[in-house]
Amino acid sequence: MDVGSLITLLAAAAAAGWVDAVVGGGGLLLLPALFIAAPGLPLATALGTNKLAAIAGTTTAAVTYARRTKIDWRVAGPAAGLAVVFAGVGAALANSVPASAYRPVVLGVLVAVALFVSLRPRLGVVAQPQRRTRVRVVAAVAVAGGGIAVYDGMIGPGTGTFLVLTFTALVGADFVHGSAMAKLVNAGTNLGALVVFASAGHVWWLLGAAMAVCNIAGAALGARMALRRGSGFVRVVLLVVVVVLVAKLAYDQWG
């Protein structure tokens, strides 16, 4: 890898850390950058190396949020615990299904997310604690710690965005607190997937460590900005990220 490619990749890692800390979706920035900087890199190795960088950033963001805001541990704790296991299952299946098989489904979900957030302008801007029923809590834990975690282990990009929407739509969190819970669960998914990829030798440790340092810097900045600027800022970033993700996936699918 030449110096120019390395610098570009490290800059992408910092930007991905910022995006992930605010609302999620940094993987669709960092994974393509990995493939461009290291042509021929196997998918599993790219995913494993990405997880090494991502776990550093998501853990940094999670700690920053936990220190500065109240986290609903009764939702985030069980979801994060489940996520370690189910992301590991997803990682074990990463080579069994081509990534292209996910694009149409993820694309459809993201379009639905964009419409859902756009048509409900108050969603996530103000907390709605009346939504937090026992059934909704169980559903949020199952969706975040189960379904989304499996997806993150298998392919990953957009996971943080899906987690934020899960916590705002199901248990009525505002976007800032939803992002805080999402980071905890995302740290769990990254841990579970990283263990599986590492055990199979699919982590480029030196490169991943360098990316992790940059990802931490971006994540720390992103989390502080989200906390300082509030849910309205996170909502705008969420919509921008979803539009970019849709455009990227549509280009990959048909472009």
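Step by step: first the residues of region 63-73, then only those that are in contact (Cβ under 8 Å) with a residue 12 or more places away in the chain and of a type outside the set (Val, Ile, Thr), then the one that is nearest to residue 137 (Cα to Cα). Which residue is that?
Taking the candidates together, the pick is 72.
Filter region 143-169 for residues that are among the β-branched types (Val, Ile, Thr) and under 22 Å from residue 74 (Cα atoms); which is most open to solvent (accessible area, probe 1.4 Å)?
143
Please go through region 170-224 and give me each residue that is more than 29 Å from residue 69 (Cα to Cα), assigned to a helix (DSSP H, G or I) and either open to solvent by 10 Å² or more (accessible area, probe 1.4 Å) or among the hydrophobic types (A, V, I, L, M, F, W, C) (or both), ordered by number.
If we filter region 170-224 for residues that are more than 29 Å from residue 69 (Cα to Cα), which is where we start, we get 195-208, 210.
When the remaining residues are screened for being assigned to a helix (DSSP H, G or I), the result is 195-199, 205-208, 210.
Across region 170-224, the qualifying residues are 195, 196, 197, 198, 199, 205, 206, 207, 210.
Could you grab me the full set of residues in region 117-142 that are under 23 Å from residue 250 (Cβ atoms) and either modelled with pLDDT of 80 or more or more than 19 Å from the chain's Cα centre (by Cα) (or both)?
Looking only at region 117-142, we keep the residues that are under 23 Å from residue 250 (Cβ atoms), and these are 117-119.
Answer for region 117-142, where residues must be under 23 Å from residue 250 (Cβ atoms) and either modelled with pLDDT of 80 or more or more than 19 Å from the chain's Cα centre (by Cα) (or both): 118, 119.
Does residue 166 qualify as being out of contact with any Leu (no Cβ under 9 Å at 6 or more places or on another chain), of a type in the set (Val, Ile, Thr), assigned to a helix (DSSP H, G or I) and closer than 29 Å to residue 140 by Cα? Can you show your working first?
Numbers: out of contact with any Leu (no Cβ under 9 Å at 6 or more places or on another chain): yes; of a type in the set (Val, Ile, Thr): yes; assigned to a helix (DSSP H, G or I): yes; closer than 29 Å to residue 140 by Cα: yes.
Here the answer is yes, as residue 166 does meet what is asked.
Tally up the residues in region 24-76 that are modelled with pLDDT of 85 or more, small (Gly, Ala, Ser) and either open to solvent by less than 30 Å² (accessible area, probe 1.4 Å) or under 12 Å from the mean Cα position of the chain (by Cα) (or both), please.
Result for region 24-76: 9.
In region 1-10, which residues are among the hydrophobic types (A, V, I, L, M, F, W, C) and open to solvent by 60 Å² or more (accessible area, probe 1.4 Å)?
Here is the first cut: in region 1-10, the residues among the hydrophobic types (A, V, I, L, M, F, W, C) are 1, 3, 6-7, 9-10.
Within region 1-10, 1, 3, 6, 7 qualify.
Looking at 94, 76, 21, can you tell me which residue is in a loop (DSSP other than H, G, I, E, B) and either touching a residue at least 60 places away in the same chain (Cβ under 8 Å) or not polar (S, T, N, Q) (or both)? Walk me through it before giving the result.
Working: 76 fails: in a loop (DSSP other than H, G, I, E, B); 21 fails: in a loop (DSSP other than H, G, I, E, B).
Within the list 94, 76, 21, the selection yields 94.
The values are calculated or read from the model by the stated rules, or taken from the named source; none is laboratory data. Note that the structure is predicted; figures quoted are calculated from it, not measured. Glycine gets a Cβ as well: all are built from the backbone with ideal geometry, and neighbour counts include every protein chain shown. All accessible areas refer to the heavy atoms of the entire protein, side chains included, with ligands and DNA or RNA removed. Shrake-Rupley method; radii C 1.70, N 1.55, O 1.52, S 1.80 Å.
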